[in-house]
Amino acid sequence: MTPSLQPAYPTEQFAEPADYRQEPAVSVLLSKAKAALRSDREFARTCVARALELLHEDPVPESGSSACFYGGLADWQVRRAVAYIEANLDSPIRVKDLAALTRLSSSHFSRAFKRSFGLAPMTYVTRQRVQLAQRLLLTTEDSMSDISLACGMYDQAHLTRVFRRLVGDSPLAWRRRRAAGPPQPPSALLHASP
């Protein structure tokens, strides 16, 4: 018997790109991406994605939530801002204070916060306050005025106005409806968008 001359592994795994003329195009795209990296990151990303398409590969997926978005807050800034917001929902929270915690100017902090969270800082704070109000409405028998003060709202009317805008119902009607039905998961509490 003669030994087989076929390789022990499939050659498709190690195949080169079919068209070697594309390599200069890839080189040009990567050079353009490198030049645009500091000034226009979106263009740089587009050049790299096109180069990878030419090489028959998929582009690297977007970074996960743990990575800092370009122009967003760093992880330590996110943790510090969120911890401060959660600890101070019952008192006034100012953008100036959050910016000082993260060692940024107010305008830079607002821009970076929106880039990281998809919401302006005070919109995020308001949503957190409404979620706290929802939890208190479900777990306590406190009056609406006590709940509004515990959530950092000025009075019951303020809570009702903000709650209705975000949730679509008044707090008292929302409480009655939830008390009669099955319990809602925490992710379903705040369902309407402003």
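The values are calculated or read from the model by the stated rules, or taken from the named source; none is laboratory data. Bear in mind the structure is a predicted one, so any value in this text is a computation, not a measurement. As a convention, Cβ positions derive from the backbone with ideal geometry for all residues, glycine included, and neighbour counts pool all protein chains shown.
A few notes on this one:
- Residue-level check: of (1) in the same structural domain as Thr160 (by TED's automatic domain parsing); (2) modelled with pLDDT under 95; (3) not charged (D, E, K, R), Gln128 misses just (2).
- Wholly enclosed helices (runs of 4 or more DSSP H) of region 84-177 bearing at least 1 residues small (Gly, Ala, Ser) and surrounded by fewer than 18 Cβ atoms within 10 Å (Cβ to Cβ): 95-101, 106-117, 144-150, 156-167
- Tabulated pairs, region 137-152, first in the same structural domain as Leu172 (by TED's automatic domain parsing), second surrounded by 13 or more Cβ atoms within 10 Å (Cβ to Cβ) and of a type in the set (A, V, I, L, M, F, W, C), C-beta under 6 angstrom, 6+ apart or interchain: Ile147/Ala133; Ile147/Leu136; Ser148/Leu159; Cys151/Leu132; Cys151/Ala133; Gly152/Leu89
- The combined condition, being in a loop (DSSP other than H, G, I, E, B) and free of Cβ contacts under 8 Å to residues at least 60 places away in the same chain, is fulfilled by Leu73.
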